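These notes are about the structure you will find just below.
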Number of protein chains: 2
Amino acid sequence: MLLKSELKYIQSLFHKKGRDQEGLFIAEGPKIVTEFSADKTIRIRKIYALPSFLNKIKIAIDSTEVTEEELQKISQNKTPNEVLAVVEKIKWEENSKSKDSICITLDTIQDPGNLGTIIRLADWFGVKQIVCSLNCADVYNSKVVQSSMGSIARVQVEYLDLKTWFQENSESRIYGATLNGRDVTSMEKIKKGIIVIGNESKGISEELLPFINVQITILGKGKAESLNAGVATGIILSHLI
Amino acid sequence: MLLKSELKYIQSLFHKKGRDQEGLFIAEGPKIVTEFSADKTIRIRKIYALPSFLNKIKIAIDSTEVTEEELQKISQNKTPNEVLAVVEKIKWEENSKSKDSICITLDTIQDPGNLGTIIRLADWFGVKQIVCSLNCADVYNSKVVQSSMGSIARVQVEYLDLKTWFQENSESRIYGATLNGRDVTSMEKIKKGIIVIGNESKGISEELLPFINVQITILGKGKAESLNAGVATGIILSHLI
């Protein structure tokens, strides 16, 4: 049974403020919860699940059986999916950013689905670090967690002031997706450097453009105005890595 | 003012059955409605808009001024966006599929956001035709319309039985995204042929695999299990076109 105090506590994690205060976030659905439970870097604090989930899967974690109505109350999905886990934010070793590898940097990516897709893409292409501008979506937003499909456990996402970040990395080669750069299909593969993806409609912020050493463009033939940020990142990574 | 009968009529267009019966669909938001109103291939039947929209933009289309509360009732968005248009389904010339160009074929792409993204990508790369399996999302679903960002006016989407479609096109080269194919980055550009994208978790249906002449794979280095179908399509198109 779900206590009233638990209901309130979980609902407080719907918001960034609550997640930051408690150092916790929420993951929903059997796939991601099972994956997290098997991942040594992830600590699940508690599970709330339907009997169907608890009877099927054995997890040595503090669990509370809930009814469908109770799950509905603590879920952020229209149709809740069997189980919800309260998870500790991932603890990364500090200064893990290496100047000898590739780092994706996101400027004003505010759509949680896009951020999740990009984290999953980074994981797919073996990129271990993402730096986000301070106004990007929160990596622990439930939609990001869901669309990253567990990749948030393998890709370190940090929030920094990008101007300072670029100033501190002036010796790194900084690549940026713009509308007037080199054709991405003509680029050679790279092993290190920073790849900057800007906001879908506004592009990379004006004040950051002077830091870009190599502008890259995905050439189009048709009339579509833009590509979504997740797709653009995928195309660029597939050509550069 | 919105009549009760209009409310019911618009709500009937939320569902595929209603859209098919009436030959109409809904587009929401000032960007897409303005774009559609300027497009000669698109016929808007009627507009329902807040005064803010009607005062700003002059469109020679039958319009009804509505309040925010009324717009909320006919909108499928949580936060309605100024204007909603009832639009006639696009009439394409039949048999416009050319064997001398590229056709994207989608097998069981059921997520409307993914379908919309792929339509936008097709438009970006100059692909004019998409064939969908009968169980794909409906192109006139409001989420598809929204995420395709107006590209549905430029890319013809048809629904066919894929087995029959491949049998009728046995002389075309059929490329398919699978897990064990040729590295997409090593492929040469193509000018014609069929590119098949399968379902994100299940891949291309077993019964369709024998029709694939060239299997293509996006190689990953990390641990992510899969890429989303929109991103995979973007990467493949950027290497092949």
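The values are calculated or read from the model by the stated rules, or taken from the named source; none is laboratory data. Since this is a predicted model, take the numbers as computed values, not measurements. Methodologically, a virtual Cβ is constructed for each residue, glycine included, from the backbone with ideal geometry; neighbour enumeration extends over all protein chains shown.
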What do you reckon, is B:K46 over 19 Å from the mean Cα position of the chain (by Cα) and over 25 Å from B:W92 (Cα atoms)?
no
Any residue in the range B:200-223 that is in contact (Cβ under 8 Å) with a residue 12 or more places away in the chain sitting within a Cβ distance under 9 Å of a residue that is among the acidic types (D, E) and surrounded by 12 or more Cβ atoms within 10 Å (Cβ to Cβ)? List the pairs, counting only those 6 or more apart or interchain.
B:E200/B:D111; B:S201/B:E225; B:K202/B:D107; B:G203/B:D107; B:I204/B:D107; B:S205/B:D107; B:L208/B:D107
With respect to A:G220, determine if the residue is facing chain B (nearest Cβ under 8 Å) and either within 30 Å of B:A153 (Cα to Cα) or surrounded by 15 or more Cβ atoms within 10 Å (Cβ to Cβ) (or both).
yes
In the range B:63-106, residues that are at pLDDT 90 or above, of a type in the set (D, E, K, R) and more than 28 Å from B:E158 (Cα to Cα) total 6
Among the residues of the range A:127-168, write down those that are of a type in the set (G, A, S) and closer than 21 Å to A:I236 by Cβ.
A:S133, A:A137, A:S147, A:S148, A:S151
Does the range A:226-236 contain at least one residue that is hydroxyl-bearing (S, T, Y) and either assigned to a loop (DSSP other than H, G, I, E, B) or at pLDDT below 95 (or both)?
yes
Can you find a residue that is touching a strand residue (DSSP E or B) at 6+ places or on another chain (Cβ under 7 Å) and polar (S, T, N, Q) anywhere in the range B:103-122?
yes
Quick one: is A:L162 buried (at least 20 other Cβ atoms within 10 Å of the Cβ), of a type outside the set (K, R) and under 22 Å from A:I109 (Cα atoms)?
yes
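Yes/no per residue for (1) outside the structural domain of A:S170 (by TED's automatic domain parsing); (2) touching a residue at least 60 places away in the same chain (Cβ under 8 Å):
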position: A:K73; (1), (2): yes, yes
position: A:V83; (1), (2): yes, no
position: A:Q110; (1), (2): no, yes
position: A:I118; (1), (2): no, yes
position: A:Q129; (1), (2): no, no
position: A:D138; (1), (2): no, yes
position: A:S142; (1), (2): no, yes
position: A:S147; (1), (2): no, no
position: A:V155; (1), (2): no, no
Report whether or not A:I32 is at pLDDT below 95 and either closer than 30 Å to A:N135 by Cα or surrounded by 14 or more Cβ atoms within 10 Å (Cβ to Cβ) (or both).
yes
Can you pull out the helices (runs of 4 or more DSSP H) entirely within the range B:111-214 that have at least 1 residues that are under 26 Å from B:Q76 (Cα atoms) and within 13 Å of chain A (Cβ to nearest Cβ)?
B:112-124, B:142-148
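When you go through B:E158, B:E200 one by one, which is the residue that is within 23 Å of the chain's Cα centre (by Cα), of a type in the set (D, E) and under 30 Å from B:S37 (Cα atoms)?
None of the other options fit; the residue is B:E158.
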